[in-house]
Amino acid sequence: MERRTALKLIAGGVFVEGGPSPLVTIAQAQPAYQLQFFSPAQNELLDRLTEMIIPADDHSPGAHQAQVSYFIDSLAARADRNVKQRWTAGLAAVEAEAGKRFQRRFLECSTEQQDQVMAVMAANEGQPANDLERFFGRLKSATIDGYYTSAVGIHKELQYKGNTAMAEFAGCTHPEHG
């Protein structure tokens with residue numbers, strides 16, 4: 001059978017009266033991400049922390065919709081034992097700080113309480129003095145990397161359109177550069 005014939009047969013079976021065939025629907029469905037390293041509870045905490053770093057706003061969705069916690073899970077799963085230990089210890093340090101301050105788990109804290117814990121984490125970002133502050137640096141860096149390499153970050157936040165042909169390049173349009 002020729003390649004063109006095979007393609008015509010495939011294309012002919014793709015659409016049925018009233019819409020796409022079940023094969024198209026299955027092919028377009030995104031498989032659910034399966035956690036590779038973090039537990040569901042750790043991922044839920046990580047998801048909240050990343051959303052606090054890059055929250056949704058009027059311009060674009062935040063880290064939650066970009067699924068940054070899954071990006072970090074994928075990184076951690078492929079990392080060496082020491083990196084994995086730092087991620088789990090960092091999440092445990094967040095829980096310990098919430099427990100020390102508010103006698104509850106981080107996700108059980110109010111938004112204001114969560115903000116207070118995050119402020120403690122970020123207090124010495126330039127020169128972290130303890131494990132919680134060092135964890136914040138890793139968390140922030142991974143959140144930014146995950147967000148700005150996701151479809152949400154690239155297309156919705158940065159509004160990147162991809163490589164497109166331009167008939168002409170107008171140059172800089174800022175009046176101060178005229």
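Each value in this text was obtained by applying a stated rule to the coordinates, not by laboratory testing. Being a predicted model, the structure only gives us computed values, none of them experimental. Neighbour counts run over all protein chains shown; Cβ positions are idealised from the backbone, glycine included.
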Review point. How high is the relative contact order of the stretch 29-137, in percent, counting Cα pairs under 8 Å that sit 6 or more residues apart?
Key: 19
Study note, to complete from the structure: Given unit charges at Cβ for Lys, Arg (+) and Asp, Glu (-), the dipole magnitude of the stretch 49-178 about its Cα centre in debye, nearest 20, is 600
Check your understanding: Any number yet on Rg/Rh for the stretch 58-178, C-alpha, Kirkwood?
Key -> 1.13
